[in-house]
Amino acid sequence: MSKLSRRRVLRGMLNGTAVTIALPLLDCFLNENGTALASGAPMPLRFGTWSWGLGMSEAIFVPKKTGANFDLPLEIASLAPIQKHINLFTNYKVFKDAAPNLCHHSGWVILRSGIAPMTSENRPGETIDVTVARKIGNETRFQSLSATATGDVRDSFSYENGNSVNAPEWSPLRFYQRLFGGDFQDPNASGFTPDPRVMVRKSSLSHVLEETRSLSRELGTEDRARLDQYFTGLRDLERRFDLQLTKPDPREACIVTDRPEDLPSGLDADLVAKRHRMMTDLMLMALACDQTRVFNMFYASAFSATTKPGYDKPHHTATHEEAVVEAEQCQPNVSWYTRRAMEEWAYYVQALADFKEGDGTLLDNAFIYATTDQSFAKIHGIDGIPMFSAGSAGGRVKTGLHIDGGGSPGCRLGYTAMRLMGLDVRSWGDKSNNTSSEIGEILV
């Protein structure tokens, strides 16, 4: 047991994180129509999530019309340019069952994990992105990537379990360095020589993995569970070593852009928007380079502290202190914050839609799942939390629709996403949130 020191294992992990970055698909690797790989294999599918904080003002957010060509009330008017690429889901329910309604926590946890949390510290199960990444994320450098526009590494809606939150990238500069740092290898080089340093690291890691297996047999149940979680991380590192020791396929569109400026800290709405757009553009290149196929973008936290120029209350405070103006059917400043969030959702979707891949776009080969934490934040409402999807998942999803869920479980959208990503799951969610019913209206 003395040979398996924490220092030794961590040193191997810190020195062994460099992995070759592949490039997006060259036309010569596609079929004649550009709709699949030349081998006949389908274009890679991606799964993404996007999140915003503090819900909506129902009267000026939810369209009156369902189906195609739905109306765009004031809070979602900025979605007009991307309406054809998205679906809006309203009147779905999250069920707390015997659990309390935990302010700004229950809603997003249920929609991301399918399980109602019992306390504010509780993160039951695992989030949907983690589940999907285990299915489609093993052929890329990163099983998944997360980024936040808040500048706060603590802001995440992604976790593997209650003790393992997936920390997001919070600085555009740090994110750039992670993607295109000093260990970047040119995949267009005529030859390929495996890095001998990686070969040594992989050999050393194999020895540590064997010692970890031996140690596990000597531990109690709880310690064995903790070690198994750590062991999972080591296996992922081993997988990344294997990828780095294999020549990557050339990719046409992966061009290393100039290093971005680092941004100051702060939550002014304009600064948050700038950070969101920079992180979105970097995430887009990570997708195009096939560094990941599962990704999370976090625009604002559940307790959003985004500020509005000339207004003295941050977003979360405003939801509770600003009066509803009946003539406007909303809290005017709170609604301003929601409209800014929708502008960024529009930017995010449009960026994916504008990036060409084969005869389509990155968005054509993706399915994005967008959620928030509340419906009406002033009273911590969780009934009717709005959701969006974007992308056609390789032609399997219709877009441009407003779907009224009729009070059925909101987990139906997450379940539909899992099925689209190829997971063989009979149902998803716990107790009243459990569902085995896909949202058929959006399926081709």
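What follows is calculated from the coordinates using simple rules that are stated; it is not laboratory data. Everything quoted here is computed from the prediction, not taken from an experiment. We place every Cβ from the backbone using ideal geometry, glycine too, and count neighbours over all the protein chains shown.
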message: Starting from 0.36 nm per residue, how many nanometres of slack lie between Glu218 and Val444 once their C-alpha separation is accounted for?
response: 76.1 nm
task: Go through segment 138-145 residue by residue and turn each phi into a ³J(HN,Hα) via Karplus (6.51, -1.76, 1.60, θ = phi - 60°); whole Hz please, and just put x for glycine and proline.
output: 8, 9, 10, 4, 10, 4, 7, 10
message: Only counting other Cβ atoms within 10 Å, I'd like Arg340, Arg154, Arg419, Arg426 sorted with the fewest neighbours first.
response: Arg426, Arg154, Arg419, Arg340
statement: Per-residue Cβ contact counts at 10 Å, fewest first, order Trp170, Trp336 as Trp336, Trp170
statement: Phi-derived 3J(HN,Hα) across segment 302-310 with the Karplus relation (6.51, -1.76, 1.60, θ = phi - 60°), rounded Hz, x for Gly and Pro, is 4, 9, 3, 10, 4, 10, 10, x, x
message: Check which residues have an amide H placed less than 5 Å from Gly55's amide H, if you skip close sequence neighbours.
response: Asp373, Gln374
Potential lengthening between Gln329 and Ser432 on full extension [0.36 nm per residue; Cα-Cα distance subtracted]: 33.9 nm
- prompt: Amide H to amide H, which residues 5 or more places from His402 or on other chains are under 5 Å from it, using H placed in the peptide plane?
  reply: Gly67, Ala68, Phe70, Leu88
query: Which value in nm describes the separation of the simple spin-label points at Glu139 and Ala77, placed 7 Å from the Cα toward the beta carbon?
result: 4.5 nm
- prompt: What FRET efficiency, computed as 1/(1 + (r/R0)^6) with R0 = 41 Å and r the Cβ-Cβ distance, is obtained for Ser265 and Gln350, rounded to the nearest 0.05?
  reply: 0.90
task: Please give the contour-minus-distance gain from Arg154 to Leu423: 0.36 nm per residue of separation, less the Cα-Cα distance, rounded to one decimal in nm.
output: 93.9 nm
field: Cross-link pairs Lys65/Lys398; Lys378/Lys431; Lys93/Lys313 - those with Cα-Cα distance over 21 Å
entry: Lys378/Lys431; Lys93/Lys313
- prompt: For segment 365-380, in order, what is each residue's ³J(HN,Hα) by Karplus, 6.51 cos²θ - 1.76 cosθ + 1.60 with θ = phi - 60°, in whole Hz (x at glycine and Pro)?
  reply: 9, 9, 9, 10, 10, 10, 9, 9, 9, 9, 9, 10, 5, 4, 10, 6
- prompt: According to the square roots a ≥ b ≥ c of the eigenvalues of the Cα gyration tensor, what is the shape class of segment 334-444, taking rounded for a/c under 1.5, prolate for a/b larger than b/c otherwise, and oblate for the remainder?
  reply: oblate
- prompt: Ranked by Cβ crowding within 10 angstrom, fewest neighbours first, how are Asp312, Asp404 ordered?
  reply: Asp312, Asp404
message: Please compute the modelled spin-label separation between Ala98 and Asp359, points set 7 Å along Cα→Cβ, answer in nm with one decimal.
response: 5.6 nm
- prompt: Shape call for segment 300-361 from the C-alpha gyration tensor, a ≥ b ≥ c root eigenvalues: rounded (a/c under 1.5), prolate (a/b greater than b/c) or oblate?
  reply: prolate
